[in-house]
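For reference, the structure is listed below as structure tokens.
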Amino acid sequence: MDISKHHLKQKKIFAEREKQIVKGERDPMMKWGEDVEVIYSAKYGKKSRHWIGMEINLKTRKITYFHCGGPAKDIAFDIAKIQELAELIPALLLEAQSKEFKREN
């Protein structure tokens, strides 16, 4: 899934704690996009009742989705949720670089 294209509006998306983590100002003191290139995540889906995994590569801007043996009918639901997450990743990277993003209509 390619996350290089995104559509953001000017608004506060992240709490201060998340901003500090992304900027490397909180433990583990590693700046996303520089010190951290890949983020791994696992989540138990309440709806599907199975585990899914993700590898988020900040350098290549790709998300790899691991569907861990759950019902095939839930894949579309999981992918829709991952796409919502994918739209936030560029904003997190911009936050790590301490740049403001304004979108003009």
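The values are calculated or read from the model by the stated rules, or taken from the named source; none is laboratory data. As the structure is a prediction and not an experimental result, all values here were calculated from the model. Quick note on the areas: whole protein, heavy atoms, side chains included, nothing else; ligands and nucleic acids left out. Shrake-Rupley method; radii C 1.70, N 1.55, O 1.52, S 1.80 Å.
Would you mind checking K23/K59; K23/K47; K59/K81; K43/K73; K46/K73 for any pair whose Cα atoms are more than 23 angstrom apart?
K23/K47
In the stretch 47-101, carbon and sulfur make up what percent of the accessible area (probe 1.4 Å)? Mind showing how you got there, number by number?
Details: 1890 of 3330 Å².
Here carbon and sulfur together make up 57 percent of the probe-accessible area.
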Most to least accessible of L92, L85 (protein chains only, probe 1.4 Å): L85, L92
Most to least accessible of E95, E18 (protein chains only, probe 1.4 Å): E18, E95
Tell me, what HN-Hα J-couplings in whole Hz come from the Karplus equation 6.51 cos²θ - 1.76 cosθ + 1.60 at θ = phi - 60° for each residue of the stretch 46-63, using x for Gly and Pro? 5, 6, 8, 6, 8, 8, 10, x, 9, 10, 10, 9, 6, 6, 8, 6, 10, 10
